[in-house]
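Asker: Please read through the structure below; I'll follow up with questions.
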């Protein structure tokens with residue numbers, strides 16, 4: 001902690017900071033060109049341990065809670081809705097895959113911002129903020145990774161059928 005504030009102002013600053021982080025990172029990421037996101041890059045590529053998405057279903061019970069996640073796309077004019085598929089044409093599916101990359105990175109950045117809370121909070125409150133950041137963002141990251149794996153499978157099948 002670099003400086004000390006009384007408890008009530010600290011709580012209010014923490015709440016405001018999380019709001020600014022979530023909205024600010026989302027706004028900034030929404031304005032990045034979609035071409036900036038490539039599903040084959042290191043962060044987004046499928047890992048062996050993901051077992052073609054089965055890990056998320058088996059160990060995290062993803063299908064039980066995925067529908068309850070909010071879709072922040074409605075908050076921004078240029079937001080891309082990811083709750084449901086709105087088509088099956090190749091361009092839409094490729095854009096959807098890139099949007100899962102954008103959403104995943106958005107949530108990773110928001111989570112990493114939890115480290116900022118150590119500047120004005122006691123160390124143990126900083127730990128709580130990290131736990132909050134993980135709790136608020138990890139389900140969304142898991143969902144985006146799972147969706148991307150499934151969408152890539154659909155794109156591969158559709159491409160194979162058109163050959």
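The values are calculated or read from the model by the stated rules, or taken from the named source; none is laboratory data. Predicted, not measured: the structure shown is a model, and the values here were computed from it. Ideal geometry is used to build each Cβ from the backbone, glycine not excepted, and the neighbour counts take in all protein chains shown.
Asker: Given the condition in contact (Cβ under 8 Å) with a residue 12 or more places away in the chain, in contact with a helix residue (DSSP H, G or I) (Cβ under 6 Å, 6 or more places away or on another chain) and farther than 27 Å from residue 121 by Cα, answer yes or no: does some residue in segment 19-27 qualify?
Answerer: no
Asker: Against the condition free of Cβ contacts under 8 Å to residues at least 60 places away in the same chain and within 20 Å of residue 70 (Cα to Cα), how does residue 147 come out, does it pass? Lay out the reasoning, then the answer.
Answerer: Working: free of Cβ contacts under 8 Å to residues at least 60 places away in the same chain: no; within 20 Å of residue 70 (Cα to Cα): yes.
For residue 147, the condition - free of Cβ contacts under 8 Å to residues at least 60 places away in the same chain and within 20 Å of residue 70 (Cα to Cα) - is not met.
Asker: Something else now. Being modelled with pLDDT of 95 or more and either surrounded by 16 or more Cβ atoms within 10 Å (Cβ to Cβ) or within 21 Å of residue 142 (Cα to Cα) (or both) narrows it down to one residue among 21, 13; which is it?
Answerer: Details: 13 fails: either surrounded by 16 or more Cβ atoms within 10 Å (Cβ to Cβ) or within 21 Å of residue 142 (Cα to Cα) (or both).
Step by step, each of 21, 13 is checked, and only 21 is modelled with pLDDT of 95 or more and either surrounded by 16 or more Cβ atoms within 10 Å (Cβ to Cβ) or within 21 Å of residue 142 (Cα to Cα) (or both).
Asker: Sticking with this one: Tell me the helices (runs of 4 or more DSSP H) entirely within segment 28-135 that contain at least 3 residues that are closer than 28 Å to residue 154 by Cβ, in contact (Cβ under 8 Å) with a residue 40 or more places away in the chain and touching a helix residue (DSSP H, G or I) at 6+ places or on another chain (Cβ under 9 Å).
Answerer: 54-60, 90-112
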